[in-house]
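Beneath this line is the structure, given in C-alpha cells, with notes to follow.
The values are calculated or read from the model by the stated rules, or taken from the named source; none is laboratory data. Just so it is clear, the structure is predicted and the values come from calculations on it, not from any experiment. Cβ coordinates were reconstructed from backbone atoms using ideal geometry, including for glycine residues, and neighbour counts include every protein chain displayed. Ligands, DNA and RNA are stripped out before the accessible areas are found, and what is left, the full protein with its side chains, is counted by its heavy atoms. Shrake-Rupley method; radii C 1.70, N 1.55, O 1.52, S 1.80 Å.
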Amino acid sequence: MTNQTKMQVIASVKDAIAFSQIAPRAVPRRILMCHPTYFEVKDAKNEFMSGNIGGVDKAKALTQWNDLKSTFEKCGFPVELIEPGAELEDMVFTANQVLPAIDDHGKPLVVLGRMTYESRTHEVPHFEKWFRGQGYSVLQLPAECTRFEGGGDGVWHPDRELLWLGFGSRTEESCCDAIAKLLQVPVVKLKLISQKFYHLDTAFAVLNADSVMIYPPAFEQAGLSLIRNYFRNVIEVSESDANNFACNALALDRYVVLQKGSEATCGDLCRLGFVPVEVDTSEFMKSGGSVFCMKQMVY
Ligand code: ARG
C-alpha cells in the first residue's frame, strides 16, 4: 500500500481502492461487555428512546443481558467485563466509547470517542483505563473533531485495514479525514441521512469479507454504490426488520446474532450460509440499542 492510499478517504466509487491494495487485518476474538447495573432510559437521545423514559424492566434487562453474554460465549468468543460506572445508564452499550484498531506491527490501540451527549462523556475514561490495562496505546482525535462515537459509527471491514465510517448524525464528517490520518488506513465515508438510524451500526452489519446487511434508506446513493462496490452479497433489510434492529446484528464466524423476530432477514442469512442466532434484547431496544451496540470486539 502506498502512503497515499493508506490514508485515503473514499467518498465515491471513483475513489475506491482495490482490496488487493489494502492490507489484511487480524480479526479480534474477544468481546467486551458491561453489566447493566445502572441501565435505564433517562432521556431521549434517539427516536427509539422517546416514549420509554423510566420504562425499563430491570429484571428482564438483566436476564436478556446474561443470555446475550452466554450466546456470545457459545459462539466461541470469550466475554471480558468492564466495571459499570455509577449511574452511567448507557455504559452497557460498549460499542460506542472507543474504536479499537491494530497497527502495522500488530500492536493494539484505541481511538477515544467524543460523545455527543454530556451524560455519555463520563463513560470514556472508564474505557480508556480498561484498554490501557490491556496494553493498548491510546490515541486522541484532533480537537476539531468534537463528536465521534467509536464502534457505533466506525465498523472495520472484516479482514482488511479498511474502515467504514458513518457520519452526519452522531459522528462529525471531519472525523473521516482525521481517522484516516491518525490510523493510516483508508476510510469509506457513509453519510447517514435518516434521523432514526442514527449510528452506522443501526443500518449496516458486515457479515464476512463478501457479505453485508443494510437498510438502504439510511444512506445516500454514493454510499449505496460504495457498499455494492465492496461487497458481493448485499442483504437489503425491510423497514420492519430494520426497526426491529436486524442490522444491529453481530457476525461471529458463520453465526449471526440478532434480535428475534426478523423472519425475512433470517431467511436471507440462511440462503447465504449463515446461521442466525436469535436473542431477545427488547429492553435495550427501548434505549435504541441491540446486539451490536452491547459489545466491543477486542484483541
Ligand atoms: N442510548 C444510547 C445512545 O443513544 C444507545 C446507543 C446504542 N449504541 C449503538 N452502537 N447504536 O447513545
> Of (1) of a type in the set (Gly, Ala, Ser); (2) closer than 22 Å to Gly154 by Cα; (3) within 16 Å of the ligand (Cβ to nearest atom), Ser137 satisfies all except one. Which?
Replying inline: (3)
> When you scan the stretch 255-295, how many residues do you find that are surrounded by fewer than 17 Cβ atoms within 10 Å (Cβ to Cβ), in a loop (DSSP other than H, G, I, E, B) and either without any contact (Cβ under 8 Å) to a residue 24 or more places away in the chain or within 13 Å of the ligand (Cβ to nearest atom) (or both)?
Replying inline: 3
> So which residues in the stretch 213-225 are outside any helix (DSSP H, G or I) and either open to solvent by 10 Å² or more (accessible area, probe 1.4 Å) or under 13 Å from Lys189 (Cα atoms) (or both)?
Replying inline: Tyr215, Phe219, Glu220
>> Step by step: first the residues of the stretch 245-254, then only those that are assigned to a loop (DSSP other than H, G, I, E, B) and open to solvent by 10 Å² or more (accessible area, probe 1.4 Å), then the one that is nearest to the ligand (Cβ to nearest atom). Which residue is that?
In response: Asp253
>> Restricting to the stretch 122-134, name every residue that is more than 11 Å from the ligand (Cβ to nearest atom), surrounded by 14 or more Cβ atoms within 10 Å (Cβ to Cβ) and either part of a strand (DSSP E or B) or not hydrophobic (A, V, I, L, M, F, W, C) (or both).
In response: His122, His126, Glu128, Gln134
>> Need pairs with beta-carbon distance below 8 Å; first residue hydrophobic (A, V, I, L, M, F, W, C) and within the stretch 132-154, second assigned to a loop (DSSP other than H, G, I, E, B) and within 16 Å of the ligand (Cβ to nearest atom); sequence gap 6+ or separate chains.
In response: Cys145/Glu172; Phe148/Gly113; Phe148/Thr171; Phe148/Glu172
> Which members of the stretch 1-45 meet the condition of being more than 19 Å from Ile227 (Cα to Cα), among the polar types (S, T, N, Q) and not in a helix (DSSP H, G or I)?
Replying inline: Thr2, Thr37
> In the stretch 83-111, which residue that is away from the ligand (no atom under 16 Å from the Cβ) and aliphatic (A, V, I, L, M) is nearest to Ser174 (Cα to Cα)?
Replying inline: Ala101
> Of the residues in the stretch 81-94, how many are surrounded by 13 or more Cβ atoms within 10 Å (Cβ to Cβ) and either assigned to a helix (DSSP H, G or I) or among the acidic types (Asp, Glu) (or both)?
Replying inline: 2
> Does any residue of the stretch 187-201 turn out to be at pLDDT 95 or above, under 19 Å from Ala251 (Cα atoms), in contact with a strand residue (DSSP E or B) (Cβ under 9 Å, 6 or more places away or on another chain) and of a type in the set (S, T, N, Q)?
Replying inline: no
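Can you find a residue in the stretch 189-200 that is within 16 Å of the ligand (Cβ to nearest atom) and touching a Lys or Arg at 6+ places or on another chain (Cβ under 8 Å)? Working first, answer last.
Step one: list which residues in the stretch 189-200 are within 16 Å of the ligand (Cβ to nearest atom), which gives 190, 192, 194-200.
Pick out the ones that are also touching a Lys or Arg at 6+ places or on another chain (Cβ under 8 Å) and you get 198-199.
Checked the stretch 189-200: at least one residue is within 16 Å of the ligand (Cβ to nearest atom) and touching a Lys or Arg at 6+ places or on another chain (Cβ under 8 Å).
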> Which condition breaks for Val188 when tested against (1) in a helix (DSSP H, G or I); (2) open to solvent by less than 10 Å² (accessible area, probe 1.4 Å)?
Replying inline: (1)
>> Which count do you get for residues in the stretch 186-206 that are among the basic types (Lys, Arg) and within 13 Å of Ala222 (Cβ to Cβ)?
In response: 2
> Taking the stated definitions as given, is Arg228 touching a residue at least 12 places away in the same chain (Cβ under 8 Å) and either open to solvent by 50 Å² or more (accessible area, probe 1.4 Å) or on the phi > 0 side of the Ramachandran plot (or both)?
Replying inline: no
> What is the residue count in the stretch 140-168 for residues that are open to solvent by 40 Å² or more (accessible area, probe 1.4 Å) and within 14 Å of the ligand (Cβ to nearest atom)?
Replying inline: 1
> Of these, Lys295, Lys196, Lys286, which one is of a type in the set (Lys, Arg) and touching a Leu at 6+ places or on another chain (Cβ under 7 Å)?
Replying inline: Lys295
